[in-house]
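These notes concern the structure reproduced below.
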Amino acid sequence: QVQLVESGGGLVQAGESLRLSCAASGSIFRINDMGWYGQTPGKQRELVASVTSSGSANYADSVKGRFTISRDNAKNTVSLQMNSLKPEDTAVYYCNAEIQRRVYFPPYNYWGQGTQVTVSS
């Protein structure tokens with residue numbers, strides 16, 4: 001089986017920083033894209049940032065210049081450095097990874113359990 005375990009959420013004030021981390025473990029042959037999605041009550045999960053296996057990053061317009069995504073392929077981890085946080089960044093953040101468990105298996109999307117980020121004004 002495959003698990004994504006997140007850490008690093010919490011309550012901060014506007015302007016402060018947080019770092020989210022996510023580690024993939026289990027039976028893994030290859031990890032393609034990894035990313036972070038945010039979800040607020042009553043809304044769908046939305047992409048915050050993603051990074052390919054070669055390190056190419058993509059960001060939602062709302063976080064460009066404030067958030068930085070990075071990954072360590074050797075450790076199967078992905079992190080999200082969140083700076084200059086705003087109240088509108090408040091959400092549950094989910095780690096996502098497209099993982100191929102075996103060489104002949106198709107890739108599948110896995111999700112972490114979610115971590116709450118709350119930014120007070």
Going through the stretch 15-26 in order, the residues found to be surrounded by fewer than 16 Cβ atoms within 10 Å (Cβ to Cβ) and over 15 Å from Gln116 (Cα atoms) are Gly15, Glu16, Ser25, Gly26
Could you run through the stretch 1-34 and say how many residues are assigned to a strand (DSSP E or B) and on the phi < 0 side of the Ramachandran plot? 22
Does Asn109 satisfy being in a strand (DSSP E or B) and without any contact (Cβ under 8 Å) to a residue 24 or more places away in the chain? yes
Residue pairs within 6 Å by beta carbon, gap of at least six or interchain, first lying in the stretch 1-16 and more than 29 Å from Tyr108 (Cα to Cα), second among the hydrophobic types (A, V, I, L, M, F, W, C) and surrounded by 13 or more Cβ atoms within 10 Å (Cβ to Cβ), listed first then second, are Val12/Leu18; Val12/Leu85; Val12/Val119; Ala14/Val119; Glu16/Leu85
Hits in the stretch 77-103 - residues which are more than 19 Å from Gly114 (Cβ to Cβ) and of a type in the set (S, T, N, Q): Asn83, Ser84, Gln100
Considering only residues that are among the basic types (Lys, Arg) and touching a residue at least 24 places away in the same chain (Cβ under 8 Å), look in the stretch 17-48 and name the one that is nearest to Ser62 (Cα to Cα). Arg45
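Conditions tested, residue by residue: (1) part of a helix (DSSP H, G or I); (2) surrounded by 14 or more Cβ atoms within 10 Å (Cβ to Cβ); (3) under 12 Å from the mean Cα position of the chain (by Cα); (4) at positive phi.
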position	(1), (2), (3), (4)
Lys43	no, no, no, no
Ala74	no, no, no, no
Ser79	no, yes, yes, no
Leu85	no, yes, no, no
Val103	no, no, no, no
Gln113	no, no, yes, no
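Laboratory data are not the source of any read-out in this text; all were calculated from the coordinates shown. All values derive from a computational prediction rather than experimental measurement. Using ideal geometry, Cβ is built from the backbone for each residue, glycine included, and neighbour counts are taken over all protein chains shown.
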